[in-house]
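Here the structure is laid out as structure tokens; the discussion comes afterwards.
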Amino acid sequence: MKKLLALLCSLTVMLSACASFRYKETGTYVSSDGNLKRQTTTVTQVTSDGTEDITKTQELDPTVSEVLTTKNVPTGGLSAGGGNNLSFGEMTLADGGENFTVVSWNNTDMPALLNAWIGNDDGVSLDYMYNVERLDGARTPNGVPINFVNLECGSFDAKQAYDNMLAGGEDIDIYCVEPDYLREYADYDTKSAPMSSLGFSDDMWSDSFEYVQNIGRNGNGELRAISWQACPGGYAYRTDMAESYLGVTSPEEMQTLVCDWGTMEQTAAKVYEASSGQTAMAATVAGMGLAAGSYNGSFTENGWIFEGTLNAYDNKALSFLEMAKHWTDSGYVTSAYQWGDEWYRLGVENKTMGYFVATWGFDIILGGDYYTDPTGASTAIPPTQQWAVVQGPSLFYWGGTWMLVNSRTDNGTDCRDFIAATTLDTETMTLIAESRGDFVNNKTIVQTTYNQPKSLGGQDYFPVLADVASKIDIDYTKVSPYDSTISSEFMVAVSDYAYGLIETSDKTVESFMDRVAERVPQVTIESNYD
């Protein structure tokens, strides 16, 4: 009995110490007279002296009436049957807070990850849009009430909310950001904590994709953010058009025709001619920009900010500017704008043979999830065109969500355990991959888990884009907090030039610099045309 009590009292210490152990929550919430009162938890500790199983009973909030079943719920440094056996370093963040608060701009990711973490799926497949109500009354495996905050806004709009919450000292433990503005938070100790402060070491993510880690680093190379997913991109094309216009019957054949931008331009000319000028090779200039480098830093050799000055005259950037103009004038890319109704209809209406698209977009963009007919009415039956995906002419990623830990969190243990479960535990990550089709940030899982979006009709895209994700090279030393704004303004200028709204490339560069000067006054602008 004394041994049992000692183990129970030291459980929290064990979870934060540098030790090798496993932990599973395999019991059920026990209801007495219809009220939830007790939780039975089985804890398995693996030590050098052997293995001992202990059971503890934890008092829960009696006002919570829903009876839930938990199963194989991992916490940090533990294994839920996934083969993990992690050893953590010292935890230097505060602990013991009343609520574990996770904040995001929408509810498309975090509720699912939280439910997967606490075993709250109850045998039900986790769909793309998640049942937030399942988190009502939910607690972390450590017994802390979960508070999920949905800001219900766009990603960029969430920045102001995050700034207000952090500046005001509001309760926030983990919050979600996109790579476009991640450095605005990762570079500041008042806004984020290094993963090492939770006891993580970088080598724990040795099976993750390197580019995902590098995006999450600050200017000093310190890992501040991590994601459970990767979002590599490729070129998705209509298989019937490829066969009709190019005689292509397999993705392997198609890849040889789009293996680089020069070869793809020659293929675009054949498609344009074979379709009598009705079908473009690519959907939008913006899509070309994504593939060519607006999100992975490859528009320039030395980064957008070089020695404190905007690198507006980089040869790679100027080459893309002229390529976009040439492709538009030649009919190799349409003049549609991304995200508009016309964009979704291009592939359905035979106006383009392909899109540059990332892992999350196969059903959304290609499968008709957001398709509307020309009258503006939603179609009752989604389009049934057949697509396939190849790597395309360049390596790129598009989007993704990274998790940051508030440096003033008061729930360090739960932050660590949640991040460990969703980015390191193979069982939880496999559940996420299989149930919602996420391209998870784990090389082994995406090579061994089969995924078949409805739009690809049998093609397993995981191995195709796993190779892309493995080769993407992000040099975090060339990334600045202003890159997303600069890239956005560059693509506005490129589109204006391609669509004939600006007459010359010189005026386009001047317009680009003017827009950056207005939006990013911290950056020095030097013009060659003064």
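The values are calculated or read from the model by the stated rules, or taken from the named source; none is laboratory data. Computed from a predicted model, the values in this text were never measured in an experiment. Glycine gets a Cβ as well: all are built from the backbone with ideal geometry, and neighbour counts include every protein chain shown.
Among the residues of segment 439-483, those identified as among the charged types (D, E, K, R) and under 20 Å from Leu395 (Cβ atoms) are Lys443, Asp460, Asp467, Lys471, Asp473, Asp475, Lys478, Asp483.
Name the single residue, out of those in segment 320-340 being over 15 Å from Met491 (Cβ atoms) and among the polar types (S, T, N, Q), that is surrounded by the fewest Cβ atoms within 10 Å (Cβ to Cβ). Per the stated criteria, the residue is Ser330. Gln522: in a loop (DSSP other than H, G, I, E, B) and surrounded by 14 or more Cβ atoms within 10 Å (Cβ to Cβ), yes or no? Spelling it out, it is not the case that Gln522 is in a loop (DSSP other than H, G, I, E, B) and surrounded by 14 or more Cβ atoms within 10 Å (Cβ to Cβ).
I'd like to check something: does segment 462-473 contain any residue that is assigned to a loop (DSSP other than H, G, I, E, B) and either under 25 Å from Gly234 (Cα atoms) or modelled with pLDDT under 90 (or both)?
If we filter segment 462-473 for residues that are assigned to a loop (DSSP other than H, G, I, E, B), which is where we start, we get 472-473.
Going one step further and asking which of them are either under 25 Å from Gly234 (Cα atoms) or modelled with pLDDT under 90 (or both), we end up with 472-473.
Looking for residues that are assigned to a loop (DSSP other than H, G, I, E, B) and either under 25 Å from Gly234 (Cα atoms) or modelled with pLDDT under 90 (or both), one finds at least one in segment 462-473, hence yes.
Ser505 meets the conditions (1) of a type outside the set (Asp, Glu); (2) touching a helix residue (DSSP H, G or I) at 6+ places or on another chain (Cβ under 8 Å); (3) surrounded by fewer than 17 Cβ atoms within 10 Å (Cβ to Cβ); (4) not assigned by TED's automatic domain parsing to the domain that holds Gly361 in every case but one. The failed one is (4).
I'd like the residue in segment 203-220 that is under 30 Å from Gly168 (Cβ atoms) and surrounded by fewer than 20 Cβ atoms within 10 Å (Cβ to Cβ) and, out of all such residues, is farthest from the chain's Cα centre (by Cα). Talk me through it step by step, then tell me what you get.
So in segment 203-220, the residues under 30 Å from Gly168 (Cβ atoms) come out as 215-220.
Of the ones still in play, those that are also surrounded by fewer than 20 Cβ atoms within 10 Å (Cβ to Cβ) are 219-220.
Working: Gly219: 20, Asn220: 22 Å.
By that ranking, first place goes to Asn220.
Is one or more of the residues making up segment 476-486 surrounded by 14 or more Cβ atoms within 10 Å (Cβ to Cβ), out of contact with any Lys or Arg (no Cβ under 9 Å at 6 or more places or on another chain), modelled with pLDDT under 95 and not charged (D, E, K, R)? No.
Please find, among Ser244, Ser276, Ser208, Ser192, the residue that is farther than 26 Å from Gly400 by Cβ and not in a helix (DSSP H, G or I). Answer to the check: Ser276.
Among the residues of segment 400-410, are any in a helix (DSSP H, G or I) and either over 23 Å from Arg183 (Cα atoms) or under 16 Å from the mean Cα position of the chain (by Cα) (or both)? Scanning segment 400-410, I find no residue that is in a helix (DSSP H, G or I) and either over 23 Å from Arg183 (Cα atoms) or under 16 Å from the mean Cα position of the chain (by Cα) (or both), so the answer is no. Assess whether Pro393 counts as being at pLDDT 95 or above, surrounded by 15 or more Cβ atoms within 10 Å (Cβ to Cβ) and in a loop (DSSP other than H, G, I, E, B). Taking the combined requirement at face value, the residue satisfies it.
Of all residues in segment 128-163, exactly one satisfies the criterion of being in a loop (DSSP other than H, G, I, E, B), farther than 19 Å from Ser227 by Cα and either at pLDDT below 85 or among the basic types (Lys, Arg) (or both), namely Asn131. Looking only at segment 481-489, decide whether some residue is assigned to a helix (DSSP H, G or I), touching a Phe, Trp or Tyr at 6+ places or on another chain (Cβ under 6 Å) and closer than 23 Å to Cys259 by Cα. The answer is no; no qualifying residue exists.
Within the span defined as segment 164-175, one or more residues are modelled with pLDDT of 95 or more, of a type in the set (Asp, Glu) and buried (at least 18 other Cβ atoms within 10 Å of the Cβ).
Does Gly234 count as part of a strand (DSSP E or B) and closer than 30 Å to Trp402 by Cα? If you could, list the steps in order and put the result at the bottom.
Numbers: part of a strand (DSSP E or B): yes; closer than 30 Å to Trp402 by Cα: yes.
Yes.
In this structure, Phe200 does satisfy being at pLDDT 95 or above, in the same structural domain as Met165 (by TED's automatic domain parsing), over 18 Å from the mean Cα position of the chain (by Cα) and not hydroxyl-bearing (Ser, Thr, Tyr).
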